[in-house]
Amino acid sequence: MLNARLQSRARAGAARPCRPGAQRVVRCSAVQKVDATKLAAARECVDRFVKSNSVVALGSGEMVNLAIEEVGRRLAIGSLQNVVGVPACDVAAHEAAFHGVPLLPEARAGEAVVALAEADQVDVAARAALLGCSADAPQQPDHTRPLLSPRSRTCVTLVIVMVVVVVVVVVVVVVVVVAAQVPRLLRLLGKAGAGAKLVLLTSGDRVVKRLGGSLPVWIGAEGWEEWAEELDDIFLGDAELWRRSGSGQPENPRGGDLPYISPDGNTIVDVRFYEGLKLFGEDAEYGKIADEIGGISGVVGHGLVVGKAAAVVVARQGQPAPEVVEF
C-alpha cells in the first residue's frame, strides 16, 4: 500500500536529491547575475513572438522574467506598443508590474495570442516538455572558524537569524506562487483563441532525448492519498511518489510539516522516476502517460505538456545566437 511505502521512505531519512533536471533553485533576479545566453534567448523570443497590439499570457521563471523585462523596455522606448499581459501567477504579475507591462484579469485570457513559459526539460523531437518541477531550498554558507569576538558574534548571529528567517519566508512564498502557475497557465491557453501559441524558453542543458526526473501532478488536497494511491499503482517499480512541501525541499514523502496546498485547495505529488518517464515499465509515448494521469478523477493538472508548444527557444552556452525550433 502507498501509506506503507511512504512511511518506510520517511523512516529511511531525508529526501534523496532529485535527479538532474528535476529541481532548480528559484533566486531573486535582483541579486543574480544575468546569463548572457538566456538574455539573448529572451530577446529573440520577444522579437519573434510578441507583437504590438497583442495580449500575452505570462508564466514564470528566470527566462520568462527576462522576456517580461524586455517587453517592458520596448514599451518604454516605443518599439512595442499596446502589449498587455495576463499573468499565470503572482510572480509574473509582480515582474510585469515592476517593468511597466500593463495587465489584464484572467477573464480576458481569451484574447491572448501567445503564452510564454519556462520548461524544466524539453524533448524537441517529441514536442514534449516538463513544467513546474519543484524548487530547492537555498544552501546556507558554512562558517568554519570564528572571526569575531564572542560579543560581536552574538550580535552578528542575531542579524543572521533575522536574515535567514526572511529568506525562508521569501522562499516559501516563491515556491508556493510558482508551483501554482502550470495548471493556470494551461487554463489560460485553453481559454485563448485557436491560433494562440505556447512558446517555451529553456537552456541547452535541459534539452534531452527522453524526459525524466520529476513529474509534478496537481491533485485535490482533500483525500489526496486516494489519488496518490492510483498514481502509485500506475508507476509502481518505475518511480517514487513524494508530496511537495510548501518550503521547497520535502522533508519526507508526505510533504513534511508544511505540505504545499494551493489557494484552490490542491496539493502536488512529484512522481520521481528512476530513469526516463515510463508507463508500466516501458518507454511509452508521452501522450499515453499523460492520458493515464489525466484519467484519475482527483487529478486537476500535471506538468507533462505534449503537442501543445508552438515553438521552443533554447539558450545554448558557447553559441552566439539562441536556437529557435518552431513546430
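The values are calculated or read from the model by the stated rules, or taken from the named source; none is laboratory data. All values reported here derive from a predicted model rather than from experimental measurement. Don't worry about glycine lacking a Cβ; one is built from the backbone with ideal geometry, like all the others, and counts go over all protein chains shown. To get the accessible areas, we keep the full protein, side chains included, count just its heavy atoms, and leave off ligands, DNA and RNA. Shrake-Rupley method; radii C 1.70, N 1.55, O 1.52, S 1.80 Å.
If you go through the stretch 121-139 and keep only what is at pLDDT 90 or above and touching a Pro at 6+ places or on another chain (Cβ under 9 Å), you end up with Leu130, Leu131. Going through the stretch 40-80 one residue at a time, which ones are farther than 23 Å from Ala321 by Cβ and open to solvent by 30 Å² or more (accessible area, probe 1.4 Å)? Ser52, Asn53, Leu75, Ala76, Gly78 - these are the residues of the stretch 40-80 that are farther than 23 Å from Ala321 by Cβ and open to solvent by 30 Å² or more (accessible area, probe 1.4 Å). Of everything in the stretch 106-126 that is in contact (Cβ under 8 Å) with a residue 24 or more places away in the chain and open to solvent by 60 Å² or more (accessible area, probe 1.4 Å), the residue that is farthest from Ser262 (Cα to Cα) is Ala125.
Restricting attention to the stretch 104-120, the residues that are closer than 30 Å to Val208 by Cβ and in a helix (DSSP H, G or I) add up to 0.
Within the stretch 50-103, the set of residues being polar (S, T, N, Q), part of a loop (DSSP other than H, G, I, E, B) and either closer than 20 Å to Lys191 by Cα or under 22 Å from the mean Cα position of the chain (by Cα) (or both) comprises Asn53, Ser60. For the stretch 188-202, the set of residues classified as open to solvent by 10 Å² or more (accessible area, probe 1.4 Å) and either of a type outside the set (A, V, I, L, M, F, W, C) or under 26 Å from Pro322 (Cα atoms) (or both) consists of Leu189, Gly190, Lys191, Gly193, Gly195, Ala196, Lys197, listed by residue number. For Trp227, the criteria (1) buried (at least 19 other Cβ atoms within 10 Å of the Cβ); (2) in contact with a Lys or Arg (Cβ under 9 Å, 6 or more places away or on another chain) hold in every case but one, which is (2). Could you tell me whether Pro253 is buried (at least 18 other Cβ atoms within 10 Å of the Cβ) and at pLDDT below 90? Taking the combined requirement at face value, the residue satisfies it.
Filtering the stretch 74-91 to residues that are among the acidic types (Asp, Glu) and within 19 Å of Ala196 (Cα to Cα) leaves nothing.
Pairing each residue of the stretch 84-105 that is touching a residue at least 24 places away in the same chain (Cβ under 8 Å) with any residue that is of a type in the set (Asp, Glu) and open to solvent by less than 30 Å² (accessible area, probe 1.4 Å), provided the two are 6+ apart or on different chains, yields C-beta distances under 9 Å for His99/Glu70. Of everything in the stretch 263-294 that is in a strand (DSSP E or B) and of a type in the set (Phe, Trp, Tyr), the residue that is surrounded by the fewest Cβ atoms within 10 Å (Cβ to Cβ) is Tyr274. Could we say that Ser297 is assigned to a loop (DSSP other than H, G, I, E, B) and within 20 Å of the chain's Cα centre (by Cα) here? So Ser297 fails the test.
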